[in-house]
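Undergrad: Please read through the structure below; I'll follow up with questions.
A short reminder: the numbers here are calculations on the coordinates, not readings from a lab. Just so it is clear, the model here is predicted, and its values are computed rather than measured. Note that each Cβ is placed from the backbone with ideal geometry, even for glycine, and that neighbours are counted across all protein chains shown.
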């Protein structure tokens with residue numbers, strides 16, 4: 001199972017890097033979604049997988065101590081999913097607004113702010 | 001008594017909540033923000049005095065014992081960074097009175113600004129690696145908001161680059177944290193320091209360390225991955241760009257210093273070599289970028305990158321004196337760079353009001369700007385000179401001749417770039433505007449620049465003050481076992 005998950009994480013990372021290198025900003029956004037998902041999967045995998053073991057130990061701790069599921073990786077993933085969702089929705093809006101303002105989705109053409117004398121409005 | 005460590009977190013958070021309640025009241029928000037920042041400054045000063053007395057202030061949040069819960073810890077480095085955050089936050093709060101227009105206040109500049117300060121203080125004070133990632137995200141999201149607040153075409157364009165590249169950096173950081181957790185099974189920095197030393201796989205640890213270096217150097221705008229910085233800093237409001245330049249890029253460097261001196265002590269010559277290469281290239285590419293640009297904030301952004309290189313040189317050489325110099329440099333650079341970015345705003349407004357040749361029309365401001373550029377380039381009595389002297393001495397002692405040559409070259413080129421700005425805006429008799437058509441008195445902006453210039457002068461003329469502070473910090477950084485003991489309450 002670990003091997004399968006490791007390969008999945010690797011392949012997802014490769015796909016997301018490919019998408020991130022694209023000129024089209026929507027594909028970049030998909031790359032970000034995918035890379036944050038694969039990082040979550042990575043945390044899940046390196047946190048060790050346990051089969052059929054309780055996360056919380058009852059009144060007879062001695063009985064279960066040999067095998068119990070570590071709840072921490074899940075807690076970490078939960079946190080990073082929440083943060084990732086917020087950030088991805090922000091970037092989706094940002095890219096949409098940038099598209100409305102500049103009229104392009106091509107990141108190569110978004111160079112005006114670097115070449116022109118861009119001064120902030122008050 | 002240890003609860004005092006929570007004050008720099010709670011004050012900006014409460015400030016942000018209060019300001020949200022008065023989103024329409026522009027004046028209320030401005031004064032509330034100033035009050036918040038003054039309180040933050042007071043609490044930061046109290047914190048640093050307490051830390052100097054007790055060495056470490058540790059708080060286990062929720063009473064969970066150390067490796068299990070989240071630890072907040074203030075050592076001297078963290079306390080210095082919180083104090084710098086408070087000082088810069090206070091100056092920018094004054095500055096924003098005339099810089100931030102009504103519209104930006106109504107769409108929530110001040111709450112976002114306070115959340116940014118909150119995130120910065122949290123990142124400096126945390127003793128937990130995953131918690132550090134969360135604070136990085138808090139800082140990141142609030143900086144997104146500050147960046148796009150004006151909603152213009154250029155801001156949106158710059159924000160896309162800033163957001164995407166920074167997000168990839170935090171995701172790299174998260175995967176590095178995941179790997180480290182997989183190897184050691186802990187996230188508490190003090191516990192990590194122990195576990196990494198006892199680890200059976202030093203090779204794997206080194207790989208993870210390099211991943212951390214990549215993530216933090218991307219955050220701190222070091223050599224190959226700094227392109228988000230000059231693409232975005234010059235588009236936003238002057239207040240935001242000043243706080244970004246002063247503190248945000250230092251956050252990456254701070255985190256790098258923290259993990260390198262505390263956790264990754266195995267196989268460190270290899271890591272130091274990587275950092276040395278990054279530092280040298282950062283110094284050179286940054287200053288080359290500064291030479292090719294003319295707009296003040298673009299020039300300052302690139303010179304900011306090259307000066308990150310100076311701090312990295314200190315970390316790379318990593319002798320006691322070099323670390324001391326790096327911390328000294330960090331302190332003075334935050335003050336001077338913020339001052340310069342705020343002055344860029346003043347230059348812009350004076351130009352817009354029709355003033356040309358500022359040396360004759362605005363003599364006081366000119367003197368202040370001149371002191372700042374001399375401090376940045378490191379001319380003897382001013383603040384940049386002392387840490388550079390220490391860095392050069394330690395480079396000679398360590399036999400790092402290449403770095404030495406690069407540092408001296410970059411110092412000279414910084415002087416050239418800054419003097420060019422000076423000539424361009426202060427001395428050249430441009431075609432005089434026939435009349436001054438819009439006299440705007442920007443007293444609050446001038447005041448905040450004056451505060452920072454005063455601080456830079458104090459650092460420069462009384463170098464022993466900062467030297468001793470940096471010396472104490474360096475002693476703490478070189479004895480991570482005390483840090484571990486303070487958190488875990490057991491001897492190593």
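Undergrad: Could you work out how far apart the two model spin labels at residue A:108 and residue A:81 are, taking each label as a point 7 Å from the Cα in the direction of the beta carbon, and quote it in nm?
TA: Between residue A:108 and residue A:81, the label points sit 3.9 nm apart.
Undergrad: For B:173-182, what's the mean count of beta carbons from other chains sitting within 10 Å of each residue's beta carbon?
TA: Mean partner-chain Cβ count within 10 Å for B:173-182: 6.
Undergrad: Roughly what would the spin-label model give for residue A:70 and residue B:35, points 7 Å off Cα along C-beta, in nm?
TA: 4.7
Undergrad: Spin-label point model (7 Å from Cα, Cβ direction): what's the residue B:416 to residue B:198 distance in nm?
TA: Placing both labels 7 Å beyond Cα along the Cβ direction yields 5.5 nm.
Undergrad: Another question about this same structure. Residues of region B:269-312 with the amide nitrogen closer than 16 Å to a label point 7 Å from the Cα of residue B:428, along Cα-to-Cβ, please.
TA: Of the residues in region B:269-312, B:291-299 have backbone N under 16 Å from the label point off residue B:428.
Undergrad: Convert 37 °C to kelvin, take the viscosity as 0.692 mPa s, use the Kirkwood radius over C-alpha pairs of chain B as Rh, and evaluate the Stokes-Einstein diffusion coefficient in µm²/s, rounded to a whole number.
TA: The diffusion coefficient I find is 145 µm²/s.
Undergrad: Continuing with the same structure: Given a Förster distance of 45 angstrom, what is the FRET efficiency for residue A:48 paired with residue B:53, based on the Cβ-Cβ distance and rounded to 0.05?
TA: On the way: r = 43 Å, r/R0 = 0.95.
With R0 = 45 Å, the Cβ-Cβ based efficiency is 0.55.
Undergrad: Next up: With an 8 Å Cα cut-off and a minimum separation of 6 or more residues, compute the relative contact order for chain B in percent. Don't skip to the answer; put the middle values down first.
TA: Numbers: 775 pairs, mean separation 76.4, N = 492.
Once normalised by length, the contact order is 16 percent.
Undergrad: Could you run the Debye sum over the Cα atoms of region B:85-203, one equal point scatterer each and no solvent, and tell me log10 of I(q)/I(0) at q = 0.14, 0.16, 0.22 Å⁻¹, two decimals?
TA: The Debye formula, applied to the Cα set alone, gives -0.72, -0.85, -1.23.
Undergrad: Report the FRET efficiency, 1/(1 + (r/R0)^6), for residue B:357 and residue B:462, where r is their Cβ-Cβ distance and R0 is 30 Å, rounded to 0.05.
TA: On the way: r = 34 Å, r/R0 = 1.13.
Rounded to the nearest 0.05, the efficiency is 0.30.
Undergrad: Give or take rounding to whole Å, what are the principal axis extents of the alpha carbon atoms in the protein assembly as shown, in descending order?
TA: 89, 55, 46
Undergrad: When only Cα pairs under 8 Å and 6 or more residues apart are kept, what is the percent relative contact order across region B:103-231?
TA: Values: 107 pairs, mean separation 31.8, N = 129.
Rounded, it is 25 percent for region B:103-231.
Undergrad: Does a label point 7 Å from the Cα of residue B:210, set along Cα-to-beta-carbon, have any residues of region B:273-288 with amide nitrogen under 20 Å, and which are they?
TA: Under cut-off, by backbone N: B:273-282.
Undergrad: Hey, another quick one. What is the gain in length, in nm to one decimal, between residue B:396 and residue B:2 on full extension, counting 0.36 nm per residue of separation less the C-alpha to C-alpha distance?
TA: Values: separation 394, 0.36 × 394 = 141.84 nm, distance 4.20 nm.
Extra length available between residue B:396 and residue B:2 comes to 137.6 nm.
Undergrad: Quick check: from the Cα gyration tensor, does region B:238-361 come out rounded (a/c under 1.5), prolate or oblate? Walk me through the numbers before you get to the answer.
TA: Numbers: a/c = 3.09, a/b = 2.36, b/c = 1.31.
Because a/c hits 1.5 or more and a/b exceeds b/c, region B:238-361 counts as prolate.
Undergrad: Of the listed peptides B:455-468, B:52-65, what is their order by residue-averaged count of other C-beta atoms within 10 Å, with the highest listed first? Show your work: numbers first, answer last.
TA: On the way: B:455-468: 17.1, B:52-65: 14.3.
Descending mean neighbour count gives B:455-468, B:52-65.
Undergrad: Using 1/(1 + (r/R0)^6) with R0 = 41 angstrom and r between the beta carbons of residue B:367 and residue B:10, what's the FRET efficiency to the nearest 0.05?
TA: Values: r = 39 Å, r/R0 = 0.96.
Here the calculated transfer efficiency is 0.55.
Undergrad: What ranking of B:357, B:121, B:21, B:37 emerges when the number of other C-beta atoms within 10 Å of each C-beta is taken as an exposure proxy, fewest first? Intermediate values should be presented prior to the final figure.
TA: Working: B:357 15, B:121 30, B:21 12, B:37 27.
Final ranking by Cβ density, sparse to dense: B:21, B:357, B:37, B:121.
Undergrad: Please give the average number of partner chain Cβ atoms lying within 10 Å of the Cβ of each residue in A:98-111, rounded to a whole number. Working shown, then result.
TA: Values: counts 10, 2, 2, 7, 5, 1, 1, 0, 0, 4, 0, 1, 8, 2.
What the average comes to for A:98-111 is 3.
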